[in-house]
Amino acid sequence: MRTAYVIRDSYRIRGTVFSRKHPLSCWVSSMLLCFAGSLIANFLLGEPILTPFKDHKALLTASVVWYLVFYSPFDIVYKMVKFLPCKLAIAGLKEVQRAHKVYHGVVYTAKIYPNSVLIILFIGTIKGAGSGLMKTFERLVRGLWIPGTNEVLQPSFVTKACFLASLVFLMEKMNYITAPHALVYFGVVIFFVYFKLSALLLGIHDPFAPFENLFCAVFMGGMWDAMRRAVATEPKKEEKDADIPAAKSREDKKND
């Protein structure tokens, strides 16, 4: 339900108009985001891409939820989902499911590529945050082309959090974390739920941003660029100061 609600919100004002005129496109885009993690992961792992759709129960559930969010009488379901207590409950359940997807992606990929840390982290992240990566293609289904907004150019907090959770599960699997599995898993779930509720209630959308800015300033050339700009502007100020007396002398000569 959370995914259908987010899709409906992404349509903004034209949402009801688009869903009435193009119900097939609306349904396909919704299903692509609902099963995005599995679709992309299967494609990258060389497995049948349509495997997630063989679960008729899951597909039927997603379709019913999609229909209620977009076409319920008097828009009652959409309004109910937007009600803050319901919104918080649905968001919390979604984050619990996200933690499960990340863990499943890490464990499953570790069986196929046991010695490839990068692939394990990559698939674990995709399983949890596949909807963000699928958005570019999902928008094409709706007739939109917005190449400037994708997870590679502008990674969202969800993608970063899924990568961190994949790293935690991988370190646990490699015995670098010796805490009980239930405790580690519970900690990841609390991490997801806490920051999702913080985003909804407090507007904290990306707590990683200050650390990223510091890292980029130190290791990605930001500090050196700032120093270069500072050095480049200093002579200009001195030249301006030197030009002031010269300009005054020229004005005095004209007045004479």
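The values are calculated or read from the model by the stated rules, or taken from the named source; none is laboratory data. Quick caveat, the model's predicted, so the values are computed rather than measured. All Cβ positions, even for glycine, are placed from backbone atoms using ideal geometry, and neighbour counts span all protein chains on display. Ligands, DNA and RNA are stripped out before the accessible areas are found, and what is left, the full protein with its side chains, is counted by its heavy atoms. Shrake-Rupley method; radii C 1.70, N 1.55, O 1.52, S 1.80 Å.
Side notes on the structure shown:
- Close amide H partners of residue 150, meaning residues 5 or more places away or on another chain with modelled amide H under 5 Å apart, do not exist here.
- Environment charge of residue 206, counting only residues whose C-beta is closer than 11 Å and scoring Lys/Arg +1, Asp/Glu -1: 0
- Cα-centre dipole for the chain with unit charges at Cβ (Lys and Arg positive, Asp and Glu negative), debye to 20: 1020 debye
- Relative to the dominant Cα principal axis of the chain, helix 157-173 is inclined by about 60°.
- Take every pair of alpha-carbon atoms less than 8 Å apart whose residues are at least six positions apart; their mean separation over the length of the chain yields a relative contact order of 18 percent.
- Accessible surface of residue 158 - all protein chains present, 1.4 Å probe, nearest 10 Å²: 40 Å²
- The residue 179 and residue 80 beta-carbon pair, evaluated with R₀ = 51 Å, returns a calculated FRET efficiency of approximately 0.85.
- Positive-pole candidate from 143, 35, 17, dipole of the chain, charges at beta carbon: 17
- Think of it as helices only: each DSSP H run of n ≥ 4 in the chain is worth -39500 (n - 2.57), and spread over all residues that comes to -26000 deg cm²/dmol at 222 nm.
- In order along the range 196-211, phi translates into HN-Hα couplings of 5, 5, 5, 5, 6, 9, 10, x, 8, 8, 8, x, 7, 4, x, 5 Hz, rounded to whole numbers, per the Karplus curve 6.51 cos²θ - 1.76 cosθ + 1.60 with θ = phi - 60° and x for Gly and Pro.
- Rounded percent of accessible protein surface that carbon and sulfur make up, the chain, 1.4 Å probe: 68 percent
- Magnitude of the charge dipole, the range 68-202, Cβ model with Lys/Arg +1 and Asp/Glu -1, debye to 20: 200 debye
- Residue among 107, 230, 96 farthest towards the positive dipole end of the chain, charges placed on Cβ: 96
- Per-residue SASA entry for residue 200, accessible area with 1.4 Å probe, Å² rounded to 10: 50 Å²
- 224, 66, ranked by accessible area, largest first (probe 1.4 Å): 224, 66
- Rounded to the nearest 20, the size of the Cβ-charge dipole of the range 24-108 about its Cα centre is 200 debye, with Lys and Arg at +1 and Asp and Glu at -1.
- With the charge dipole of the chain set up from +1 on Lys and Arg Cβ and -1 on Asp and Glu Cβ about the Cα centre, the Cα lying farthest toward the positive end among the listed residues 51, 128, 61 is that of 61.
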